[in-house]
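Participant: The structure that follows is given in the form of structure tokens.
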Amino acid sequence: MSDGDRMLVLSGPSGSGKSTIVNRVIAESSVKLMKMVSATTRPPREGEVDGEAYWFLSDDEFTRRRENDEFIEYEEVFSQGYWYGTLKSELARAAENSAWAFLEIDVQGALRVMDQYPQIVSIFLTTPSEEVFEQRLRDRGTESEVVIQKRLQRARTELESAHRYRHQVCNDTLDRAVAEIIEIVVSREAELNA
Ligand code: 5GP
């Protein structure tokens, strides 16, 4: 487990349809995948359940766990004062369930995880064009203009790191992107079992 076998990390601009893709890949893949629930200090959005969307932690609790070395990676995202991180206990949960650990995290976190786990299957999810991406972000309607602009800027910066992932998958149509990701995982599983 320590070298990253049966680990998958997916990144891409927020608004690129990541969560829908993650859910469908997990539901439809013949290889068992388990979504790693990140910890965060940001407050829950409407409908987000603790332990499902995230582990929602207080600042103090996050700090305590960080000092206790309980994270694989952690960082402050968007400079809004909110922290996000992947807990080691989540990887253990996947291993116990004989499942692949599926991480959906931002580029900075992913690059750090890729350094620690060289074999990890890494996928960068792109959108067909910036216009499509911006439209999807606006359609979601949950963020203010300032946050949308920040996310657009961030997405441009993140795109520059796309080549550092083993795979780049374009979310042109949902079905195709889901199928491509599943194919990547299934091929890797076959290699590991060969
Ligand atoms: P949101 O607040 O919209 O749910 O997520 C904001 C950003 O935090 C997204 O880009 C998401 O990928 C990133 N993120 C979520 N969980 C983690 C994590 O565990 N570690 C890191 N580094 N980023 C994360």
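The values are calculated or read from the model by the stated rules, or taken from the named source; none is laboratory data. The structure displayed is predicted, hence computed values, not measured ones. As a convention, Cβ positions derive from the backbone with ideal geometry for all residues, glycine included, and neighbour counts pool all protein chains shown.
Residue-by-condition table, conditions (1) under 18 Å from Arg42 (Cβ atoms); (2) surrounded by fewer than 16 Cβ atoms within 10 Å (Cβ to Cβ):
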residue	(1), (2)
Asn97	no, yes
Trp100	no, no
Gly109	yes, no
Gln116	no, yes
Ser122	no, no
Pro128	no, yes
Val132	no, yes
Leu137	yes, no
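Participant: Here is a list of conditions, (1) surrounded by fewer than 19 Cβ atoms within 10 Å (Cβ to Cβ); (2) in a strand (DSSP E or B), and Leu8 meets all of them except one; can you say which number that is?
Facilitator: (1)
Participant: Is it the case that the stretch 58-69 has a residue that's surrounded by fewer than 21 Cβ atoms within 10 Å (Cβ to Cβ), farther than 22 Å from Gly4 by Cα and aromatic (Phe, Trp, Tyr)?
Facilitator: no
Participant: For Glu52, only one of the following conditions fails: (1) crowded, with 16+ Cβ neighbours inside 10 Å; (2) more than 10 Å from the ligand (Cβ to nearest atom); (3) not in a helix (DSSP H, G or I). What is its number?
Facilitator: (1)
Participant: Please pick out the residue among Arg42, Arg24 that is in a loop (DSSP other than H, G, I, E, B) and touching a residue at least 40 places away in the same chain (Cβ under 8 Å).
Facilitator: Working: Arg24 fails: in a loop (DSSP other than H, G, I, E, B).
Unique residue meeting the criteria: Arg42.
Participant: Conditions first: (1) touching a helix residue (DSSP H, G or I) at 6+ places or on another chain (Cβ under 9 Å); (2) on the phi > 0 side of the Ramachandran plot. Gly47 passes all but one, so which condition is the exception?
Facilitator: (1)
Participant: Among the numbered conditions (1) out of contact with any Asp or Glu (no Cβ under 6 Å at 6 or more places or on another chain); (2) over 23 Å from Asn23 (Cβ atoms); (3) of a type outside the set (Asp, Glu), tell me where Gln108 comes up short.
Facilitator: (1)
Participant: Could you tell me which of the residues Lys18, Lys35 is under 17 Å from Leu91 (Cβ atoms) and within 18 Å of the chain's Cα centre (by Cα)?
Facilitator: Residue meeting the stated conditions: Lys35.
Participant: What do you reckon, is Thr157 outside any helix (DSSP H, G or I), of a type in the set (Val, Ile, Thr) and surrounded by fewer than 21 Cβ atoms within 10 Å (Cβ to Cβ)?
Facilitator: For Thr157, the condition - outside any helix (DSSP H, G or I), of a type in the set (Val, Ile, Thr) and surrounded by fewer than 21 Cβ atoms within 10 Å (Cβ to Cβ) - is not met.
Participant: Quickly run through the stretch 117-145 and pick out the residues that are among the aromatic types (Phe, Trp, Tyr) and in a helix (DSSP H, G or I).
Facilitator: Of the residues in the stretch 117-145, the ones among the aromatic types (Phe, Trp, Tyr) are 117, 124, 133.
Of everything in the stretch 117-145, just one residue is among the aromatic types (Phe, Trp, Tyr) and in a helix (DSSP H, G or I), namely Phe133.
Participant: Within the stretch 47-65, identify whether any single residue is among the β-branched types (Val, Ile, Thr) and either out of contact with any strand residue (DSSP E or B) (no Cβ under 7 Å at 6 or more places or on another chain) or modelled with pLDDT of 95 or more (or both), and answer yes or no.
Facilitator: Yes, the stretch 47-65 contains at least one residue that is among the β-branched types (Val, Ile, Thr) and either out of contact with any strand residue (DSSP E or B) (no Cβ under 7 Å at 6 or more places or on another chain) or modelled with pLDDT of 95 or more (or both).
Participant: Sticking with this structure for a sec: Quick check on Val37: is it part of a strand (DSSP E or B) and modelled with pLDDT of 95 or more?
Facilitator: No: the conditions fail for Val37.
Participant: Right, here's the next one. Among the numbered conditions (1) under 16 Å from Thr40 (Cβ atoms); (2) buried (at least 21 other Cβ atoms within 10 Å of the Cβ); (3) among the hydrophobic types (A, V, I, L, M, F, W, C); (4) at pLDDT below 95, tell me where Phe78 comes up short.
Facilitator: The number of the failed condition is (2).
Participant: Pull out all pairs, ordered by first then second residue, where Cβ-Cβ is under 7 Å, the residues are six or more apart or on different chains, the first lies in the stretch 74-103 and is among the hydroxyl-bearing types (Ser, Thr, Tyr) and more than 8 Å from the ligand (Cβ to nearest atom), and the second is modelled with pLDDT under 95 and in a loop (DSSP other than H, G, I, E, B).
Facilitator: none
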